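For reference, the structure discussed in these notes is given below.
A short reminder: the numbers here are calculations on the coordinates, not readings from a lab. No experiment lies behind these values; they were computed from the predicted model shown. Cβ placement follows ideal geometry from the backbone for every residue including glycine, while neighbour counts extend to all protein chains displayed.
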Protein chains: 2
Amino acid sequence: MPSARKTLKLDRPFEMRRGGALHGVEIAYETWGDLAFCYDNAILIFTGLSPSAHAASSTEDPSPGWWEDMIGPGRPIDTRRYFVICVNSLGSPFGSTSPASINPGTGKPYRLTFPVLTVEDIARAGYEVTQSLGVRELAAVVGPSLGGMTVLAFSALFPNAARNLISISASARSSPFAIALRSLQREIIRRDPQWQEGNYEEDSIPVSGMRLARKLGMITYRSAKEWALRFGRERADAERKPGDPFGIDFEVESYLENHAAKFTGQFDPNCYLYLSRAMDLFDLADHGGSVAEALRRFTVKRALVIGVETDLLFPIEQQVELAEGLKADGRDVTLARLDSLQGHDSFLVDMDRFRPILSDFLK
Amino acid sequence: MPSARKTLKLDRPFEMRRGGALHGVEIAYETWGDLAFCYDNAILIFTGLSPSAHAASSTEDPSPGWWEDMIGPGRPIDTRRYFVICVNSLGSPFGSTSPASINPGTGKPYRLTFPVLTVEDIARAGYEVTQSLGVRELAAVVGPSLGGMTVLAFSALFPNAARNLISISASARSSPFAIALRSLQREIIRRDPQWQEGNYEEDSIPVSGMRLARKLGMITYRSAKEWALRFGRERADAERKPGDPFGIDFEVESYLENHAAKFTGQFDPNCYLYLSRAMDLFDLADHGGSVAEALRRFTVKRALVIGVETDLLFPIEQQVELAEGLKADGRDVTLARLDSLQGHDSFLVDMDRFRPILSDFLK
């Protein structure tokens with residue numbers, strides 16, 4: 001398969017925020033466009049929990065990326081103007097050092113010996129990539145979901161590293177409702193006997209736990225309204241297996257089954273556990289005593305906060321909190337409250353609403 | 001243990017709506033107050049998915065019932081005035097015939113040989129109880145959640161059987177969102193290796209699956225707002241087990257763990273599967289071609305529809321649909337939209353809001 005993936009390899013230890021250090025850390029990323037003569041036109045993108053750094057197609061890798069409609073020549077994140085970098089999060093299995101990587105100290109995969117991962121560690125790994133590329137000051141740092149939390153962590157940790165920030169469907173800290181749902185997803189995986197306390201082999205991963213956890217994710221990433229419009233009460237036409245009285249009755253069940261099956265096997269379960277927990281542990285108040293104070297200290301000149309009214313996991317009040325906090329000291333802040341029906345996933349789907357807002361802000 | 005439980009035993013076969021018949025059906029119920037001389041002061045209560053018929057304490061069983069604050073002398077469902085009957089749903093393991101019961105034809109538990117259970121079957125079992133007690137016309141039929149769906153099924157199946165209906169946090173049919181969540185709960189149970197295709201022994205039930213399913217239920221029964229107020233980001237003070245890097249971090253996780261543990265072991269997993277699926281299969285449109293037409297045909301004189309703004313599973317639009325549909329033909333309909341924070345569970349918790357509404361309606 002063609003790949004546009006580049007890898008930064010650090011030769012000094014990467015100290016983790018909650019203790020422990022990684023040696024020989026690798027951080028995978030992709031880039032689009034060209035860095036300007038004075039190194040000031042770069043946009044750094046952090047991703048949600050599950051995507052790789054392949055945010056858009058390129059000549060090296062023409063397959064569509066996870067944010068294909070957003071990045072490219074003439075697109076909202078315009079690669080004729082900006083040098084765009086997307087990093088694969090530290091802890092994610094798509095090229096960056098993660099619980100699935102070989103620990104150079106032991107020659108075996110880290111698995112649960114991987115140190116506790118925080119959003120701040122992911123932010124710092126992204127910062128290392130920008131430094132290695134010679135970026136002086138980012139034009140913008142951008143991210144949706146976990147990526148938006150990483151944008152906030154990045155802004156707290158590295159003053160003057162970016163002129164603008166775009167936080168999409170993120171929050172200063174997870175709500176107990178979101179924590180409960182993610183904690184349950186992690187427990188579902190851990191209760192799968194095949195998880196084996198994290199010591200599963202590559203050919204016998206906890207498929208059942210991953211599939212169930214993914215289904216729960218998919219349910220909470222969308223909105224009840226969208227599903228009502230999309231599925232109504234359509235019955236699945238799939239024939240039921242004989243002797244399976246609790247098989248699939250409704251179209252919505254069949255949709256979940258097909259999509260969850262696709263995801264499983266693509267994502268390492270231990271990586272999922274680490275990244276999911278990082279979202280729960282994140283609290284911007286750690287950087288200034290309160291969320292408001294942490295946001296006040298940010299040095300970005302302009303901020304765009306996008307939230308979706310139907311988002312169950314990162315509700316609109318959390319977007320308001322971010323925008324209000326950022327407005328301190330007369331900073332130029334735009335809050336976009338979108339009526340998208342697709343809930344938390346809207347930034348991947350409702351391009352007609354998202355594109356113009358990013359275009360306007362980045363013009 | 002003292003018990004106020006009475007049991008109706010039918011000596012004719014009980015034909016199930018989707019096929020199959022049960023022989024020697026038993027329907028457990030409790031009653032409070034006295035039936036009036038002309039048999040017209042009875043109120044029939046159907047329950048949610050998990051409770052027994054023990055809705056309130058009595059001299060025979062002084063332990064508090066699941067709706068203790070609602071039923072009794074001087075309470076909204078006033079037992080000085082009304083003869084109150086609460087039935088244990090057909091298919092529930094608390095005294096009524098269920099998948100956990102012995103099939104008299106084989107001498108073994110039904111388990112998955114139990115016929116498909118529908119809300120209409122539960123309604124009809126309740127009707128049998130009222131007939132056996134000599135009730136002529138119910139003063140009211142009342143139910144929350146699954147019980148509210150059963151109220152609707154009852155009203156569709158038995159014209160002139162009740163003068164009033166109270167539907168609480170129910171709906172004419174489940175949304176795909178609610179179906180997806182319940183379907184996932186059922187799959188979590190069925191994927192537990194201890195489920196054994198329904199053939200688990202009493203001392204080795206699928207504990208892990210039941211606990212996870214219950215946690216998911218608990219998350220969706222409440223609201224994100226309530227949890228934010230209740231738990232914030234408090235850390236659990238429980239010590240973490242050594243070697244368990246993914247144990248409990250937050251108070252909300254510890255709350256779920258403790259409550260789910262209590263539930264598990266009290267409720268038969270196969271019964272849970274049957275009752276849960278009955279909610280998904282229910283569609284009031286089956287009784288008239290459309291929901292509106294089914295509601296128009298109801299014969300109750302007055303109806304009270306109560307919904308909660310924060311309910312994720314039975315959203316307020318579904319309450320509006322019920323109230324609008326019932327208003328046809330000049331029926332006296334009250335729609336109460338409550339601002340309770342406790343989501344779907346509010347009817348069990350937010351007594352200050354619920355009590356006056358039921359009192360006023362039943363006065």
Long-range amide H partners of B:I168, meaning residues 5 or more apart or on another chain whose placed amide H is closer than 5 Å, are B:G143, B:S145, B:G148, B:I306
Assign unit charges at the C-beta atoms only (+1 for Lys and Arg, -1 for Asp and Glu), then state the dipole size of chain B relative to its Cα centre in Debye, rounded to the nearest 20.
540 debye
The ³J(HN,Hα) series, computed from each phi in the stretch B:214-229 with the Karplus coefficients 6.51, -1.76 and 1.60 at θ = phi - 60°, rounded to the nearest Hz and given as x for glycine or proline, is 5, 4, 4, x, 4, 4, 7, 6, 9, 10, 4, 5, 4, 5, 5, 5
Please list the non-local residues whose amide H lies under 5 Å from the amide H of A:L312, H modeled 1.01 Å from N, same-chain partners needing a gap of 5 or more.
A:H344
Along Cα-to-Cβ, 7 Å out, sits the label point; list in nm, shortest first, how far the one on B:Q196 is from those in the other copies.
2.6
Shortest first and in nm with one decimal, please list how far the B:P64 label point sits from its counterparts in the other copies (point 7 Å along Cα→Cβ).
5.6
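Averaging sequence separations of C-alpha pairs under 8 Å and six or more residues apart, then dividing by the length of the stretch A:178-274, give the relative contact order as a whole percent. Could the numbers behind the result be given before it?
Values: 81 pairs, mean separation 27.1, N = 97.
RCO, the stretch A:178-274: 28 percent.
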Among the trypsin sites (Lys or Arg not before Pro) in the stretch B:249-345, which ones are in a DSSP loop with at most 14 other Cβ atoms within 10 Å of the Cβ? Mind listing them?
B:K301
Please compute the contact order of chain B in relative form: average sequence separation of alpha-carbon pairs under 8 Å and at least six residues apart, divided by the residue count, as a percent.
17 percent
For A:H23, B:H287, ascending order of other Cβ atoms within 10 Å (fewest first) is A:H23, B:H287
Of B:L304, B:G325, B:V349, which is farthest towards the positive pole of chain B's charge dipole, taken about the Cα centre with +1 and -1 on the beta-carbons of Lys, Arg and Asp, Glu respectively?
B:G325
Pairwise FRET efficiency - B:D329 versus B:S57, Cβ, R0 = 51 Å, nearest 0.05
0.80
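For a test of the definition: using alpha carbon positions, the gyration tensor, and the 1.5 limit on a/c, classify the stretch A:178-274 as rounded, prolate or oblate. All intermediate terms of the calculation are to be shown ahead of the outcome.
Working: a/c = 2.48, a/b = 1.48, b/c = 1.67.
Since a/c reaches 1.5 but b/c is at least a/b, the shape of the stretch A:178-274 is classed as oblate.
Within 10 Å of each Cβ in peptide B:222-233, how many partner chain Cβ atoms are there on average? Round it to a whole number, please.
On the way: counts 3, 1, 10, 4, 2, 6, 7, 1, 1, 5, 3, 9.
Mean number of neighbouring Cβ atoms from other chains: 4.
Can you compute the helix-only [θ] at 222 nm over chain A? Use -39500 (n - 2.57) per DSSP H run of at least 4 residues, normalise by all residues, nearest 500 deg cm²/dmol. Don't skip to the answer; put the middle values down first.
Working: 11 runs with 125 residues, N = 363.
Counting only the DSSP helices, I get -10500 deg cm²/dmol.
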Applied in sequence order to the stretch B:103-115, the curve 6.51 cos²θ - 1.76 cosθ + 1.60 (Karplus, θ = phi - 60°) yields integer Hz couplings, x standing for Gly and Pro, of 6, x, x, 10, x, 10, x, 4, 6, 6, 7, 4, x
Using alpha carbons only, how many angstrom separate the centre of the stretch B:1-53 from the centre of the stretch A:146-161?
61 Å
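With a ≥ b ≥ c the root eigenvalues of the C-alpha gyration tensor of the stretch B:251-363, is it rounded (a/c under 1.5), prolate (a/b larger than b/c) or oblate?
Details: a/c = 2.47, a/b = 1.47, b/c = 1.68.
It is oblate, given that a/c is not under 1.5 and a/b is not larger than b/c.
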Where does the charge balance sit around B:S145 when Lys and Arg score +1, Asp and Glu -1, over other residues with C-beta under 11 Å from its C-beta?
-2
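How large is the dipole of the stretch B:178-274 about the Cα centre if only Lys and Arg carry +1 and Asp and Glu carry -1, each at its Cβ, rounded to the nearest 20 debye? Spell out each step's value before the answer.
Numbers: 15 positive and 16 negative charges, 100 e Å.
The dipole magnitude comes to about 480 debye.
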Looking at B:A172, B:S96, B:P73, which one has the Cα that reaches farthest to the positive end of the dipole of chain B (charges on Cβ: Lys, Arg +1; Asp, Glu -1)?
B:A172
Give me the inter-chain shielding for B:181-191: mean count of other chain Cβ atoms within 10 Å, whole number please.
6
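Could you list the GluC sites (Glu not before Pro) in the stretch A:295-355 that lie in coil according to DSSP, counting only those with at most 16 other Cβ atoms within 10 Å of their Cβ? Intermediate values should be presented prior to the final figure.
Values: sites: A:E309, A:E317, A:E321, A:E324; in loops: A:E309.
The qualifying sites are A:E309.
Going by how many other beta carbons lie within 10 Å of each one, how would you line up A:M149, A:M218, fewest first?
Details: A:M149 29, A:M218 17.
Taking fewest neighbouring Cβ atoms as first place, the list is A:M218, A:M149.
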Apply the Karplus parameterisation 6.51 cos²θ - 1.76 cosθ + 1.60, with θ equal to phi minus 60°, to every residue of the stretch B:261-274 and state each ³J(HN,Hα) to the nearest whole Hz, in sequence, with x for glycine and proline.
4, 5, 5, 5, x, 8, 10, 5, x, 5, 4, 4, 4, 5
With the dipole of chain B defined by +1 on each Lys or Arg Cβ and -1 on each Asp or Glu Cβ, the option from B:P269, B:H287, B:T130 whose Cα lies farthest towards the positive pole is B:H287
A:D352 label points, 7 Å along Cα→Cβ, one per copy: pairwise distances from this copy to the rest in nm, shortest first?
4.5
Under 5 Å between amide hydrogens, which residues at least 5 positions from A:L49 or on another chain qualify, with H placed 1.01 Å from N in the peptide plane?
A:L146, A:G147
Could you work out the mean count of beta carbons from other protein chains within 10 Å of each residue's beta carbon in B:244-253?
6
